[in-house]
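Chemist: One structure is given below, represented as structure tokens, and several questions about it will come after.
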Amino acid sequence: NAGVMQNPRHLVRRRGQEARLRCSPMKGHSHVYWYRQLPEEGLKFMVYLQKENIIDESGMPKERFSAEFPKEGPSILRIQQVVRGDSAAYFCASSPVPGQAVQQYFGPGTRLTVT
Amino acid sequence: AQRVTQPEKLLSVFKGAPVELKCNYSYSGSPELFWYVQYSRQRLQLLLRHISRESIKGFTADLNKGETSFHLKKPFAQEEDSAMYYCALYGLVGGSNYKLTFGKGTLLTVNP
């Protein structure tokens, strides 16, 4: 099992462009979580998804951010019209069963830099 | 609101010395607490959780509800313990959603 995969590992975007971050959960896992880590901060929950469903998006900024987890393919975190403040490390985690209290398996993260 | 505080950003000890990474939390209910670790060039992984009361790689952590703490301890640090350690709390936020809240992390360096 290759573990949770995220790509790209590093992404550079200019202000106003779109960023797409991908996460492939571990085999057999159908629950995906996205976290954001700003410089000097801890990981902050953004969204929890199951296949084709957003379960909890209470940590997502109200504008420009969206997430999906289609029936086929990876989960996508999309940031439209990026700004400098979006520069951060974005981590994806997956679990085999529902709920955040169970062990989550983390990906290596995508480091987004907005210039 | 739930909050996790790791007061030490950096902690440096010598090999063989005891180590304690501090974690304090703020939460009104009964929390579930975890320690995650990230070794250099590796991904974040679960180290231990308080409900299992286990010792992993020689580390233990006891939940102290009176002091609202969940400090991570190891009696004899090893160089391979050098890593970033995150304390995390799973609890109800906003009355309706459960969240995993992370502290800012402590970078442990074990010197030879």
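Chemist: Out of (1) at positive phi; (2) modelled with pLDDT of 95 or more, what's the single condition that is false for A:E40?
Modeler: (2)
Chemist: With the requirement that a residue be of a type in the set (V, I, T) and more than 9 Å from chain A (Cβ to nearest Cβ), what does segment B:73-106 give you?
Modeler: Selection gives B:T106 alone.
Chemist: Are any residues in segment A:95-113 touching a Gly at 6+ places or on another chain (Cβ under 8 Å) and either open to solvent by 20 Å² or more (accessible area, probe 1.4 Å) or part of a strand (DSSP E or B) (or both), and if so, which ones?
Modeler: Once the filter is applied, which keeps residues that are touching a Gly at 6+ places or on another chain (Cβ under 8 Å) and either open to solvent by 20 Å² or more (accessible area, probe 1.4 Å) or part of a strand (DSSP E or B) (or both), segment A:95-113 yields A:P96, A:Y105.
Chemist: So, of the residues in segment B:1-20 that are within 11 Å of the chain's Cα centre (by Cα) and either open to solvent by 100 Å² or more (accessible area, probe 1.4 Å) or within 14 Å of chain A (Cβ to nearest Cβ) (or both), which turns out to be nearest to B:P112 (Cα to Cα)?
Modeler: Looking at residues that are within 11 Å of the chain's Cα centre (by Cα) and either open to solvent by 100 Å² or more (accessible area, probe 1.4 Å) or within 14 Å of chain A (Cβ to nearest Cβ) (or both), I get B:Q6.
Chemist: Here are the criteria: (1) over 26 Å from A:E40 (Cα atoms); (2) in contact with a helix residue (DSSP H, G or I) (Cβ under 9 Å, 6 or more places away or on another chain). Tell me which single one B:N64 does not satisfy.
Modeler: Status for B:N64: all satisfied but (2).
Here's the yes/no breakdown for (1) in contact (Cβ under 8 Å) with a residue 24 or more places away in the chain; (2) in contact with a His (Cβ under 6 Å, 6 or more places away or on another chain); (3) hydroxyl-bearing (S, T, Y); (4) open to solvent by 30 Å² or more (accessible area, probe 1.4 Å):
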residue: B:R41; (1), (2), (3), (4): no, no, no, yes
residue: B:I51; (1), (2), (3), (4): no, no, no, yes
residue: B:E54; (1), (2), (3), (4): no, no, no, yes
residue: B:D62; (1), (2), (3), (4): no, no, no, yes
residue: B:G66; (1), (2), (3), (4): no, no, no, yes
residue: B:P75; (1), (2), (3), (4): yes, no, no, yes
residue: B:D81; (1), (2), (3), (4): yes, no, no, no
residue: B:L92; (1), (2), (3), (4): yes, no, no, yes
residue: B:K104; (1), (2), (3), (4): yes, no, no, yes
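Chemist: Given the condition closer than 26 Å to B:K104 by Cβ, in a loop (DSSP other than H, G, I, E, B) and touching a residue at least 40 places away in the same chain (Cβ under 8 Å), answer yes or no: does some residue in segment A:46-69 qualify?
Modeler: Taking every residue of segment A:46-69 in turn, none turns out to be closer than 26 Å to B:K104 by Cβ, in a loop (DSSP other than H, G, I, E, B) and touching a residue at least 40 places away in the same chain (Cβ under 8 Å).
Chemist: Give B:S40, B:S52 a once-over and let me know the one that is within 12 Å of chain A (Cβ to nearest Cβ) and farther than 27 Å from A:S58 by Cα.
Modeler: B:S52
Chemist: Of the residues that make up segment A:54-76, is at least one open to solvent by less than 30 Å² (accessible area, probe 1.4 Å), away from chain B (no Cβ under 14 Å) and β-branched (V, I, T)?
Modeler: yes
Chemist: Of the residues B:L46, B:L33, only one is within 14 Å of chain A (Cβ to nearest Cβ) and in contact (Cβ under 8 Å) with a residue 40 or more places away in the chain; which?
Modeler: B:L33
The values are calculated or read from the model by the stated rules, or taken from the named source; none is laboratory data. Everything numeric in this text was worked out from a predicted model, so none of it was measured. Cβ coordinates were reconstructed from backbone atoms using ideal geometry, including for glycine residues, and neighbour counts include every protein chain displayed. Accessible surface is based on the protein model in full, side chains and every heavy atom, while ligands, DNA and RNA are left aside. Shrake-Rupley method; radii C 1.70, N 1.55, O 1.52, S 1.80 Å.
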